[in-house]
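Chemist: Here it is: the structure, laid out below.
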Amino acid sequence: MNTSDLPGFPHFHFQGGQMYAEGCALEDLAQAHGTPLFVYSKASMLAALGAYQKGFAGRNARICYAMKANSSLAVLQVFAKAGCGFDIVSGGELDRVAAAGGDLSKVIFSGVGKTRAEMQKALAAGIACFNVESDAELEVLSSVAQGLGKRAPVSIRVNPNVDAKTHPYISTGLKGNKFGVAHENALKTYQRAAQLPGLRVVGIDCHIGSQITQATPYLDAMDRILDLVHDIEAAGIPIEHIDFGGGLGINYQGDTPPPADDLWAQLLRKLDARGYGKRLLMIEPGRSLVGNAGVCLTEVLYLKPGEQKNFCIIDAAMNDLPRPAMYEAFHHITPITETTGSGLTYDVVGPVCESGDWIGRDRALNVKAGDTLAVLSAGAYCMSMSSNYNSRGRAAEILVDGNAAHVIRHRENPAQLMAGEVLVG
């Protein structure tokens, strides 16, 4: 397979029969640093961000990277230097923004289960806004802020009951989801927020899911949110900013999400038509900035023929690449040295002792033991969701910038895996 056949991978290409990330041969990186190995293209990240920046040119807008997609410090640093804010969902992520040099005054704190300690930390840091997800959270946040002599800036995450047409595990905008305040209850929640002494209402928030590949759910959600803005302001509560979340998908398997600039051209036309075009806009893209900027390199350990299935056993596993096991997600898998012929059909599986440890099913591959494969679209929700299951160290990470390859995370060693554990007696 040649990556030129797939849109969305302009900075990964074959040259002289070898796959490259920008100016670096992936085989050289695999030999130098071992596998499994995550390799990211800085140019790819900045190009994806550039589409959003183009879409918002001339607008009062702030792009906050949803760092749960990939929270590696050097990745955060790329977006911080490009002027992004950050969407966080934990106190640990706030610490990472600070460590990467991010502007804490551009941080939005989302998530349904913020603790008092996390609220205190975020208030002390001077973040831009808390996206509050329940009436109970409003009361607690007001109390915490009062205890610090502060007023917490808040927006309410509204659940608009819009179907994002995505996997049920990453759909967040329907009535049955745990996120946000129901659309029909939102005005009442805003009125309560405006009464609480430790809060200052600054905005409204909506996020309907992840890996969204159509514009229609966004347009439907925008209509519902703008209806609410009208009602809230009619009740005497001004809304300074409107936050439309993130969730734009990428091409995993022939998916055709609208380009970010095209999507926002549609949304901004609707926003202008309804008279809200001059409001501060916030968005929180994650996957669409990093997903196709990364690959995972893995070595073929064994080829195991069987009566019903042939297995290609690799050294990357579900602890490195959890999306297939969690969501039955599809990732293209290709040898990084060009081959001819179709080979055999394999299930590509890892060494973890679970039948759910598979990376790809029914893949035509012309490979042998010792070959290196690239698992594509591995920049989002892979390293950030990785684990040490089976006492496996997490992979190393490389950030490619032109002809330079920077190690941004060293492979975990046994001492690091056991740090913090104590024998008894």
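Chemist: Mean Kyte-Doolittle of at least -0.5 plus a Cα span of 24 Å or more along the axis: flag which DSSP H helices in the chain meet both, please.
Modeler: Span-like helices, by this rule, are 216-234.
Chemist: When each pair of different Cα atoms in region 36-101 is counted once in the 1/r mean, what is the Kirkwood radius in angstroms, to one decimal?
Modeler: Computed over Cα pairs of region 36-101, the Kirkwood hydrodynamic radius comes out at 12.6 Å.
Chemist: Also: Using Cα pairs closer than 8 Å and at least 6 residues apart in sequence, work out the relative contact order for the chain, in percent.
Modeler: Value for the chain: 20 percent.
Chemist: Mind checking the alpha-carbon convex hull of the chain and giving the volume per residue in Å³?
Modeler: Normalising the Cα hull of the chain by residue number yields 158 Å³.
Chemist: Report, in cubic angstrom per residue, the convex hull volume of the C-alpha atoms of region 214-267.
Modeler: About 75 Å³ per residue, rounded to a whole number.
Chemist: Return, for the Cα atoms of region 322-366, the radius of gyration and Dmax in Å, separated by a comma.
Modeler: 11.6, 33
Chemist: Using the basic label-point model (7 angstrom from Cα toward the beta carbon), what is the LYS270 to MET326 distance in nanometres?
Modeler: Roughly 2.8 nm, to one decimal.
Chemist: How would you rank MET67, MET383, MET418, going from fewest to most other Cβ atoms within 10 Å of each one's own Cβ?
Modeler: Ranking MET67, MET383, MET418 by Cβ neighbours within 10 Å, fewest first, gives MET418, MET383, MET67.
Chemist: How fast does region 110-285 diffuse by Stokes-Einstein, in µm²/s, taking the Kirkwood radius from C-alpha pairs at 25 °C and 0.890 mPa s?
Modeler: 148
Chemist: Here's something else I'd like to know. As a footprinting exposure proxy, order GLU233, GLU397, GLU284 by other Cβ within 10 Å, with the fewest listed first.
Modeler: Least crowded to most crowded, the residues run GLU233, GLU397, GLU284.
Chemist: Taking 2.2 N^0.38 Å as the expected size of a compact globular protein, what ratio does the Cα radius of gyration of region 209-302 give against it, to two decimals?
Modeler: The reported ratio for this selection is 1.40.
Chemist: Of VAL290, GLY246, TYR381, whose Cα points farthest to the positive end of the dipole of the chain (charges on the beta-carbon: +1 Lys, Arg; -1 Asp, Glu; origin at the Cα centre)?
Modeler: After comparing all options, I get GLY246.
Chemist: Post the alpha-carbon centroid distance, region 211-253 to region 307-321, in whole angstrom.
Modeler: 40
Chemist: Now for a separate question. Residue separation times 0.36 nm, minus the C-alpha to C-alpha distance between GLU307 and ASN185: what's the value?
Modeler: Extending this stretch completely gives an extra 38.2 nm.
Each reported figure results from applying straightforward, stated rules to the coordinates on display, with no laboratory input. Keep in mind that what you see is a predicted model, and the values were worked out from it rather than measured. Every residue, glycine among them, receives a Cβ derived from its backbone with ideal geometry; neighbour counts consider all protein chains shown.
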